[in-house]
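Chemist: Handing you this structure, nothing more for now.
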Amino acid sequence: MMRTKQQTKSSFCTHRRCCVLVLLVLVCLEASGCSLGVMAGKLFFGDPLLTCEFTKRTSVDLSEEQKKVLVICSTPESIRSDYPSLNYDLLEQITYDLKRQGIEVQDTGEVATWLDDNGGVWNDVDELAENFKVDYIIHVDIDEFDYREPNSPNLLRGKTFGTVAAYEVHEVDGIRRALSVFESDYTSEYPSHMPVSIEQESAKVFRKKYLDRIADQIGRFFYNYHSSEDIY
């Protein structure tokens, strides 16, 4: 049975009103800051894949193009004296996160051994490029780090500031060189609203949780992720 022009017009108007209503609901929910707005958006539009900053700037997808990466972390002496294992803890966790996303990463044990053989220091990324057969080097340079609230021994709050950089390794006249392709400041404060009491969570547990959080945030500079995977 053929539909009349009036029926077709009525159906179109009804559909348009429904669309407008859905959009108005989403706008209202988002404006109120309600998480229901996010849920409703995913219901109607799916869970979008967010492009990481590294890929935006370089057009390189480290997981898709099967590039091998080396991760290196550094901190000033003032931090190493208080947290001597921080460099290796971050190196290990960031490496784990990248591998979980399908990115090939230089073995942390080999990196740690090379560092030990060189007194725990390295001069520049070209030195790393010469000694490791990788395509990219990720350098995490932490300038400030603490997980204790200043002047409050019973309160915990993580604060970190530093720089995240990446270098592409090229061979020029038989010599491997690392060329800068990405750099970004990194700042973290957790929790941002108020510190955690050691009566709620031990300092050891909080420190591990905070280091995992830092590693996740830094890792997301280099791999794409869904909006539902936001770190809160």
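Chemist: What are the residue pairs meeting all of these: first residue in region 53-66, first residue without any contact (Cβ under 8 Å) to a residue 24 or more places away in the chain and not assigned by the TED database to the domain that holds Val164, second residue surrounded by fewer than 15 Cβ atoms within 10 Å (Cβ to Cβ) and in a loop (DSSP other than H, G, I, E, B), Cβ atoms under 9 Å, and 6 or more apart or on different chains?
Modeler: Listed pairs, sorted by first residue: none to list.
Chemist: Which of the following residues is under 20 Å from Glu92 (Cβ atoms) and in the same structural domain as Ile142 (by the TED database): Arg207, Arg177?
Modeler: That would be Arg207, the only listed residue that is under 20 Å from Glu92 (Cβ atoms) and in the same structural domain as Ile142 (by the TED database).
Chemist: Just name the residue that is modelled with the highest pLDDT out of those in region 148-158 that are open to solvent by 30 Å² or more (accessible area, probe 1.4 Å) and assigned to a strand (DSSP E or B).
Modeler: Going through the qualifying residues, I end up with Leu155.
Chemist: Let me ask something additional. Please verify whether Phe161 is aromatic (Phe, Trp, Tyr), open to solvent by less than 70 Å² (accessible area, probe 1.4 Å) and either in contact with a helix residue (DSSP H, G or I) (Cβ under 7 Å, 6 or more places away or on another chain) or closer than 22 Å to Leu86 by Cβ (or both), treating the condition exactly as stated.
Modeler: For Phe161, the condition - aromatic (Phe, Trp, Tyr), open to solvent by less than 70 Å² (accessible area, probe 1.4 Å) and either in contact with a helix residue (DSSP H, G or I) (Cβ under 7 Å, 6 or more places away or on another chain) or closer than 22 Å to Leu86 by Cβ (or both) - is not met.
Chemist: Can you spot a residue in region 169-177 that is out of contact with any strand residue (DSSP E or B) (no Cβ under 8 Å at 6 or more places or on another chain) and in a loop (DSSP other than H, G, I, E, B)?
Modeler: Within region 169-177 (the criterion being out of contact with any strand residue (DSSP E or B) (no Cβ under 8 Å at 6 or more places or on another chain) and in a loop (DSSP other than H, G, I, E, B)), the answer is yes, since at least one residue qualifies.
Chemist: Taking region 169-195 as the region of interest, how many residues are within 23 Å of Glu130 (Cα to Cα), without any contact (Cβ under 8 Å) to a residue 60 or more places away in the chain and open to solvent by 40 Å² or more (accessible area, probe 1.4 Å)?
Modeler: Here the count works out to 10.
Conditions (1) modelled with pLDDT under 90; (2) open to solvent by 40 Å² or more (accessible area, probe 1.4 Å); (3) in a helix (DSSP H, G or I), marked per residue:
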{"residue": "Thr55", "(1), (2), (3)": "no, no, yes"}
{"residue": "Asp61", "(1), (2), (3)": "no, no, no"}
{"residue": "Glu64", "(1), (2), (3)": "no, yes, no"}
{"residue": "Val69", "(1), (2), (3)": "no, no, no"}
{"residue": "Ile79", "(1), (2), (3)": "no, no, yes"}
{"residue": "Tyr96", "(1), (2), (3)": "no, yes, yes"}
{"residue": "Glu110", "(1), (2), (3)": "no, yes, yes"}
{"residue": "Glu127", "(1), (2), (3)": "no, yes, yes"}
{"residue": "Ile138", "(1), (2), (3)": "no, no, no"}
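Chemist: Inside region 196-232, can you point out the residues that are in a strand (DSSP E or B) and either free of Cβ contacts under 8 Å to residues at least 24 places away in the same chain or under 13 Å from Val164 (Cα atoms) (or both)?
Modeler: None; the set is empty.
The values are calculated or read from the model by the stated rules, or taken from the named source; none is laboratory data. Predicted model, so just to flag it, every value in this text is computed and none were measured. A quick note on method: Cβ atoms are made from the backbone with ideal geometry, for glycine too, and the neighbour counts reach across all protein chains shown. With ligands, DNA and RNA removed, areas are computed over all heavy atoms of the protein, side chains included. Shrake-Rupley method; radii C 1.70, N 1.55, O 1.52, S 1.80 Å.
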